[in-house]
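See structure below.
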Amino acid sequence: MSKTSVLRIQSSEGTKRLDFNSQDTYKSIYEKVMKFLEKPKLKHPFFQVAQIFSLSSLDDFTLYKEKNKQLPLGRTQNKTNLKHGDMIYLVPERANLFPTDTNSSLHVPTDIKSDTPTNGNSYASPKVGSFQINNLTKSSTNATDIREDDVDIQLDKLDGRIPRKRDPQLCHHNVHGKCLHCIPIEPYDEEFLKNRNPPIKHMSFRASIRKLQSSTAGERNTFASLENISCSIKEKCATGHAPWPKGVCTKCQPNPVTLMRQPYRHVDNIMFENGNMVNRFLNYWRSSGHQRIGFLYGRYEIYDGVPLGVRAVVSAIYEPPQETSRDSVKLILPDPHEALINDLARRLNIRRIGWIFTDLIPDESKSGGGPVLHHRGNVNSYFLSAQECITAGWFQNNHPNTCKYSPDGYFGSKFVTVVVTGDVSGQIHFEGYQVSNQCMALVKSKILFPTYDAPELGYVRETSSEQYVPDVYYKEKDSYNNEIMKIARPLPLEYLIIDVPTGFPSSDAQIQSTFNDDCQTIKTPFCVENRMQIGELQDMNALATYLQQFSKTGGAGVTTSSASQFKATDILSDIHLLRYLAVNDIISFSMDQLDPLLDSIRTHDLNGIETWMEGSDWQTIVQVLQSHGPNTPLGGGTRSSYMDYEEQHDLASSSSQWNCPRCTFLNIGSSRTCEICSCEKGS
């Protein structure tokens, strides 16, 4: 009786073991592989994964003896010379040989969790880390079904390599030749990134993909992919044991995590189209002294400052419902108009790309030379607090980056975070950040928490009967300069934060703003939503006041470009006004009615906007406003007919407010000294 040996079979789906004996031929090996893959032996836990293959013929695959696939095993009747423990390599010969669902068991359904996105519509988000590793160029999901961002499609078409000029001292060839000193270098070249002025700390995400592709190009059987991290235990395990806390095994528990500084970033630069939109956002802090949160709407485009880089261009800031104070902000969720504002943005060819919040403290002592204190972003403080990192991770998980190179169909996020705070000189400064993919995984599994008294530290929760938590480590150097591993309790947040340069266009940059924020002749912009706390109310009276500045005669309804010095784009290209037209209770516009206007705004078509304003939809509002006269509020009476006494008092107070010359705080008219810095009025 021949002795039974074990043969290892490696493929893109992992490594399997197959029994054979010395009497087997090469053809019988092929038949055993096909039979083994068709009918799983459920008696042994290992063979429960076999049915992930779908092989119907011996011609569907080829077995190779060597890893470089130079010596295929023939389908002959000759006896094999294989030995116990040998490794052979299975390579598919047709497309779609392996199904897209690569879960480890046929009896365990793909773990899909339904998340609530910020656009108000529900969608299914695959659980992080539920797929096996695959070839980088052929993910387990069908790449043709994945629609990546336009900027990623454009970057994929670029060569990406950085050209270099001919060195007159080192290059001895002719003009058309190339040598080691002048050939183009790869976009991930460390020396090039380090020698740039200023140095580039993080390579772009697309450059990182090129680096992975170049490292696997030499070995065709190397299976690497962009696999998302999972810090959660599998809810159902193929081995059939009881769920946590009564049972756990190596197949269902997540791997330990060692925190590393992420070498790449998904967004390499953040730019606001103009400064006026930010001033409108900061006016809330100037008026109340309270902090504020806003969502950034814009687009992604190619950024030339980093090889294969991506820039987030901010076109507008939307302020959702929130509770504000001098030290904190609390979002009121869900936002009833979130789906509408996202639909408006989509029709204008922009989308939600990030969030912005203020952390400004007036400098009463003027120690920094500016109006605000420099209290974060230095050696003695922090860049982002733990609570801010967790919030950023939550937003990034809700806005994943579509990626065809990941088996999940997504990897990381392009969602950015902008902090408005004080710089070293005491001036208002903008800092951009993202959190790493590891931080996103910790937040998604709900195991990262802030500490009580140290905002610069986070804390990874411990395993309990309710939740299994993997070990999370980070590396640091001890007093002897030795690198040691430490448990992440507590955790320095520097391992999770990626800084992103943030700024505004230069004076010579030719950038056309999407909205009318850069129109210098508009004296009274339309009110911003959700600002009842400082007396800003979006109603028909505010609309009449806004439209009066565009009319020569002073009538609120005369708003065509022929009747004033303003263009039609200056009047209606305001995202806050467009939102009000769609949500007001008196004359609300449907999306079908607004579509021609939105198309004209998106393409900067002046004639199209004027044509829409001459139509019946807009003229209805014009007639309503004109019927009450330029100075008569809607409703035929006075404003007090639908405002209570407190609102009238707040409005009267806000009309006589004055800016402090020292800290720029907006004080009420009856106050003689600044509420913040005690500076006298008019000093």
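The values are calculated or read from the model by the stated rules, or taken from the named source; none is laboratory data. This one's a predicted model, so the numbers in the text were calculated from it and none came from an experiment. All Cβ positions, even for glycine, are placed from backbone atoms using ideal geometry, and neighbour counts span all protein chains on display.
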Determine whether the stretch 482-495 contains at least one residue that is of a type in the set (Asp, Glu), in a loop (DSSP other than H, G, I, E, B) and over 17 Å from Glu273 (Cβ atoms). no
Kindly evaluate Ala563 against the criterion of being outside the structural domain of Leu340 (by TED's automatic domain parsing), surrounded by fewer than 16 Cβ atoms within 10 Å (Cβ to Cβ) and either at pLDDT 90 or above or farther than 22 Å from Cys527 by Cβ (or both). yes
Quick check on this structure: which one of Asn221, Asn228 is modelled with pLDDT under 90 and either charged (D, E, K, R) or under 30 Å from Gln438 (Cβ atoms) (or both)? Asn221
Answer from Asn279, Asn255, Asn274, Asn269 - the residue that is among the polar types (S, T, N, Q), at pLDDT 95 or above and in the same structural domain as Ile428 (by TED's automatic domain parsing): Asn269
Which residues, taken from the stretch 368-405, are under 16 Å from the mean Cα position of the chain (by Cα) and small (Gly, Ala, Ser)? Ala392, Gly393
Looking only at the stretch 240-267, count how many residues are surrounded by 13 or more Cβ atoms within 10 Å (Cβ to Cβ), touching a Pro at 6+ places or on another chain (Cβ under 8 Å) and assigned to a loop (DSSP other than H, G, I, E, B). 2
Residue by residue through the stretch 438-449, note down the ones that are over 17 Å from Ile353 (Cα atoms) and either crowded, with 18+ Cβ neighbours inside 10 Å or aromatic (Phe, Trp, Tyr) (or both). Gln438, Cys439, Ala441, Leu442, Val443, Lys444, Ser445, Ile447, Leu448, Phe449
Filter the stretch 2-56 down to the residues that are at pLDDT 55 or above, in a loop (DSSP other than H, G, I, E, B) and more than 16 Å from Arg75 (Cβ to Cβ) and list them by number. Ser2, Lys3, Ser12, Glu13, Ser22, Gln23
Taking the condition out of contact with any Gly (no Cβ under 7 Å at 6 or more places or on another chain), part of a loop (DSSP other than H, G, I, E, B), among the hydroxyl-bearing types (Ser, Thr, Tyr) and crowded, with 18+ Cβ neighbours inside 10 Å, does Tyr474 pass? no
If we scan the stretch 424-439, do we find a residue that is touching a Cys at 6+ places or on another chain (Cβ under 9 Å), part of a helix (DSSP H, G or I) and of a type outside the set (S, T, N, Q)? yes
With the condition kept exactly as written, say whether any residue in the stretch 94-109 is at pLDDT 75 or above and of a type in the set (D, E, K, R). no
Quick check: anything in the stretch 338-354 in the same structural domain as Ala454 (by TED's automatic domain parsing), assigned to a loop (DSSP other than H, G, I, E, B), in contact (Cβ under 8 Å) with a residue 24 or more places away in the chain and under 18 Å from the mean Cα position of the chain (by Cα)? yes
Selection from the stretch 158-189 of residues out of contact with any Lys or Arg (no Cβ under 8 Å at 6 or more places or on another chain), under 30 Å from Ser436 (Cβ atoms) and either surrounded by 12 or more Cβ atoms within 10 Å (Cβ to Cβ) or not acidic (Asp, Glu) (or both) yields Leu158, Arg161, Ile162, Asp189
